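This report refers to the structure that appears directly beneath it.
The values are calculated or read from the model by the stated rules, or taken from the named source; none is laboratory data. Computed from a prediction, not measured in an experiment: that's the story for all the values here. Methodologically, a virtual Cβ is constructed for each residue, glycine included, from the backbone with ideal geometry; neighbour enumeration extends over all protein chains shown. Surface areas here come from the heavy atoms of the whole protein model, side chains and all, with no ligands, DNA or RNA. Shrake-Rupley method; radii C 1.70, N 1.55, O 1.52, S 1.80 Å.
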Amino acid sequence: MSTYEVRIDQGRCLGYGTCIGIAPDVFVLPAESPVAVVIAEKVGEDRLEDVQEAVRNCAARAISVHAVD
(Lines give C-alpha, C1' and ligand atoms only; values in the text may rest on other atoms or scores of the structure.)
Protein backbone atom coordinates (compact mmCIF):
# COMPACT_ATOMS: atom_id res chain seq x y z
CA MET A 1 0.00 0.00 0.00
CA SER A 2 1.31 3.45 -0.95
CA THR A 3 1.74 6.34 1.45
CA TYR A 4 0.97 9.96 0.64
CA GLU A 5 2.17 13.18 2.24
CA VAL A 6 -0.42 15.89 2.84
CA ARG A 7 0.51 19.56 3.17
CA ILE A 8 -1.22 22.89 3.57
CA ASP A 9 0.47 26.05 2.36
CA GLN A 10 -0.35 28.21 5.36
CA GLY A 11 0.47 31.34 3.39
CA ARG A 12 -2.38 30.54 1.00
CA CYS A 13 -4.96 28.99 3.35
CA LEU A 14 -7.93 31.25 4.05
CA GLY A 15 -9.37 29.14 6.86
CA TYR A 16 -12.70 28.34 5.18
CA GLY A 17 -12.63 24.82 6.65
CA THR A 18 -13.91 22.95 3.60
CA CYS A 19 -11.11 20.42 4.01
CA ILE A 20 -12.19 19.74 7.60
CA GLY A 21 -15.70 18.96 6.46
CA ILE A 22 -14.37 16.49 3.91
CA ALA A 23 -11.59 14.83 5.95
CA PRO A 24 -11.84 15.73 9.66
CA ASP A 25 -9.35 13.01 10.56
CA VAL A 26 -6.71 14.70 8.38
CA PHE A 27 -7.37 18.44 8.87
CA VAL A 28 -8.35 20.67 11.81
CA LEU A 29 -8.88 24.38 12.37
CA PRO A 30 -7.54 25.06 15.87
CA ALA A 31 -9.23 27.87 17.79
CA GLU A 32 -5.95 29.76 18.06
CA SER A 33 -5.12 29.44 14.36
CA PRO A 34 -6.53 31.44 11.44
CA VAL A 35 -5.67 28.60 9.04
CA ALA A 36 -6.26 24.86 8.78
CA VAL A 37 -3.61 22.44 10.04
CA VAL A 38 -2.76 18.92 8.87
CA ILE A 39 -3.01 16.42 11.74
CA ALA A 40 -2.29 13.34 9.58
CA GLU A 41 0.74 14.30 7.53
CA LYS A 42 0.93 10.85 5.98
CA VAL A 43 -2.10 8.94 4.76
CA GLY A 44 -2.62 5.60 3.07
CA GLU A 45 -4.60 4.75 -0.03
CA ASP A 46 -7.67 4.29 2.16
CA ARG A 47 -7.77 8.07 2.88
CA LEU A 48 -6.46 9.27 -0.48
CA GLU A 49 -9.86 9.78 -2.13
CA ASP A 50 -11.04 12.14 0.63
CA VAL A 51 -7.76 14.05 0.63
CA GLN A 52 -7.93 14.46 -3.15
CA GLU A 53 -11.50 15.75 -2.77
CA ALA A 54 -10.24 18.29 -0.22
CA VAL A 55 -7.53 19.35 -2.69
CA ARG A 56 -10.13 19.84 -5.45
CA ASN A 57 -12.48 21.79 -3.18
CA CYS A 58 -9.94 24.09 -1.52
CA ALA A 59 -10.86 27.60 -2.67
CA ALA A 60 -7.35 28.86 -1.89
CA ARG A 61 -5.61 25.93 -3.63
CA ALA A 62 -3.54 25.57 -0.47
CA ILE A 63 -3.59 21.75 -0.11
CA SER A 64 -1.20 19.36 -1.84
CA VAL A 65 -0.76 15.61 -1.71
CA HIS A 66 2.22 13.65 -3.03
CA ALA A 67 3.16 9.97 -3.05
CA VAL A 68 6.13 9.17 -0.81
CA ASP A 69 6.39 5.45 -1.60
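Here are the numbers for the structure shown:
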read-out: Among 24-33, 47-56, the order from most to least packed when residues are scored by Cβ within 10 Å on average; value: 47-56, 24-33
read-out: Mean projected area (nm²) of the alpha-carbon convex hull when the chain is viewed from all directions; value: 4.1 nm²
read-out: Sulfur and carbon atoms: percent of accessible area, the chain [1.4 Å]; value: 47 percent
read-out: Model label zone, Ala59; criterion: amide N under 12 Å from point 7 Å along Cα-to-beta-carbon; scope region 11-25; value: 14-19
read-out: Spin-label pair Leu48/Ala67, simplified geometry with 7 Å Cα→Cβ offset, distance in nm; value: 0.7 nm
read-out: Helix 45-57 axis, angle to the chain major axis (alpha carbon atoms, nearest 10°); value: 40 degrees
